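Novice: Got a structure for you, questions after.
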Amino acid sequence: MKKSFLTLTAIASTFAATAQNDSISTIDKDILVMIGMLVLIALVSFTVLTIIKRWMDYRLKNKLIDNGLSENIINSILQDDTNRNKNSNIKWFAILVGVGTALTIINYTLPLGIHSIAIMTFSVSASFLGYFFFLKYSAKQK
């Protein structure tokens with residue numbers, strides 16, 4: 001439900017950005033295409049990785065059941081880490097802040113070129129570095 005809401009919001013925001021009056025500066029068409037391609041690549045990659053993970057978990061669970069292990073042991077082996085799930089929101093926040101910062105900087109340094117890719121790379125890597133420090137700090141607090 002949350003993913004579909006986020007996807008619909010992202011799509012609706014692109015329509016709202018192009019529905020502006022000509023007197024107001026609009027988002028360049030190339031930037032919208034680039035954002036759309038990035039979102040599409042991310043969604044396809046996430047979907048493929050999720051399908052592969054679930055398929056491999058299913059195969060592993062079947063093999064463990066065939067070997068005669070109890071269901072409690074199998075569930076404890078395949079149980080997700082709750083801390084990882086809790087920090088997932090912070091990770092996506094850091095990534096989206098990095099992408100948003102990069103797109104803002106790219107908008108002010110038009111025309112698009114190789115420097116745009118460099119700006120995007122450095123901004124996203126800086127957001128991952130911030131996430132790393134967050135994880136390091138939160139591990140010390142425990």
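The values are calculated or read from the model by the stated rules, or taken from the named source; none is laboratory data. Note that the coordinates shown come from a computational prediction; the quantities given were computed from them, not determined experimentally. Backbone-built Cβ (ideal geometry, glycine too); neighbour counts: all protein chains shown.
Novice: Could you tell me which of the residues LEU129, LEU64, LEU103, LEU78 is in contact (Cβ under 8 Å) with a residue 60 or more places away in the chain and of a type outside the set (Val, Ile, Thr)?
Specialist: LEU103
Novice: Okay, moving on. Evaluate the stretch 70-82: report whether one residue or more is assigned to a helix (DSSP H, G or I) and under 21 Å from the mean Cα position of the chain (by Cα).
Specialist: Taking every residue of the stretch 70-82 in turn, at least one turns out to be assigned to a helix (DSSP H, G or I) and under 21 Å from the mean Cα position of the chain (by Cα).
Novice: May I ask you to verify whether THR26 is within 24 Å of MET120 (Cβ to Cβ), of a type in the set (S, T, N, Q) and at pLDDT below 80?
Specialist: yes
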